[in-house]
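Reviewing the structure listed below.
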Amino acid sequence: MGLDLHKLEHLVAVAEEGTFTAAAKRVHLSQQALSSSIRALEREVGVDLLDRSGGAVTVLPAGRALIADARVLNGVARSALQRARRIGRGEAETLRIGHTPAVTGDEVTALLRQVHAADPQLSTQVNQRYPDELTGQLQSGELDLGLCRAMSPARGLARGALTRQRLRVAVAAEHRLAEQDSLSLAELADEPIAVWGHPGRSGYTDLLVEHCRNAGFEPELHRNPIQGTPPVTAVIGTGHVAFVTASPGIAAGGRVRVVELDPAVHVPLHALWPQHTASEARDAFLRAATD
């Protein structure tokens, strides 16, 4: 038995919108037609997917399980359709890449130079995405590749390490540590440290915490309230320090100094991609970008 992808899309819409009325507007159906579609899907599956009692729509466990797979299935189907159309029209593939704020624009540019040196014909389109957005667009087929640090791959996604980069510390120009040529992790024991993700919910933040604990202290973390900005800017006017992968020296127009860690500490640069889709451009990128 095959699943109707349109019906799966209808189920996802009801779950995300919370009501049949809002979901019907989203998928451009009447409320009655949408309800009939969901009923038909439940008959195909053989179990109830939604609880409609009490005047509200609640997704049942079977519905949650199906929705988790539906996002992946719809993304694979969309990617397959786009690939067939592109090949049939004789169009070149453009690799759609997203990167989280933890991977800076300079790092992405350097990586693209490396890839284009190996494959000058490779066409790329790059945009910054927050982690949840990156995951969702990879699952839905809107992106072909994601660049991140220590993000766990969600359902339907594969992960590979491209390289390891040296971790450094950004401090405001007037900070007491700004005069040092290098410092050890242990010297940050009494410093408030800016991070971008919540501990326990961000793989990269958890990795940084682990490095601090290995150096013998429990870090005092402060989540940067200004998301999406270059990591070095998190220390300006805050009194915090921040872990960065930027080159050592003066940054942010002289307002920040990036200091080496000694001994060296490294963090991974990861790639995420939909594991059940085919992409010659993505394969070429991964070959050229992996150390």
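The values are calculated or read from the model by the stated rules, or taken from the named source; none is laboratory data. Note that the structure is predicted; figures quoted are calculated from it, not measured. All Cβ positions, glycine included, derive from the backbone under ideal geometry; neighbour counts span all protein chains shown.
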Quiz item: Taking the condition under 30 Å from PRO268 (Cα atoms), in the same structural domain as GLN125 (by TED's automatic domain parsing) and surrounded by 13 or more Cβ atoms within 10 Å (Cβ to Cβ), does VAL108 pass?
Solution: yes
Practice problem: Any chance you could count how many residues in the range 246-282 are part of a strand (DSSP E or B), among the hydrophobic types (A, V, I, L, M, F, W, C) and touching a helix residue (DSSP H, G or I) at 6+ places or on another chain (Cβ under 8 Å)? | Solution: 10
Quiz item: Since ALA161 meets every condition but one in (1) under 29 Å from LEU122 (Cβ atoms); (2) at pLDDT below 95, which condition does it not meet?
Solution: (2)
Quiz item: Restricting the first residue to the range 174-199 and requiring it to be assigned by TED's automatic domain parsing to the domain that holds GLU260, which pairs with a second residue that is part of a loop (DSSP other than H, G, I, E, B) and of a type in the set (Phe, Trp, Tyr) meet a Cβ separation below 6 Å and a spacing of at least six or different chains?
Solution: ALA189/PHE217
Exercise. Check whether at least one residue in the range 213-220 is touching a Leu at 6+ places or on another chain (Cβ under 7 Å) and surrounded by fewer than 20 Cβ atoms within 10 Å (Cβ to Cβ), and report yes or no.
Key: yes
Self-check item: When residues of the range 156-193 are limited to those that are among the polar types (S, T, N, Q) and part of a loop (DSSP other than H, G, I, E, B), the one nearest to LEU73 (Cα to Cα)
Solution: SER184
Quiz item: Given (1) among the hydroxyl-bearing types (Ser, Thr, Tyr); (2) touching a residue at least 12 places away in the same chain (Cβ under 8 Å); (3) under 19 Å from GLY18 (Cβ atoms), where does SER79 come up short, assuming only one miss?
Solution: (3)
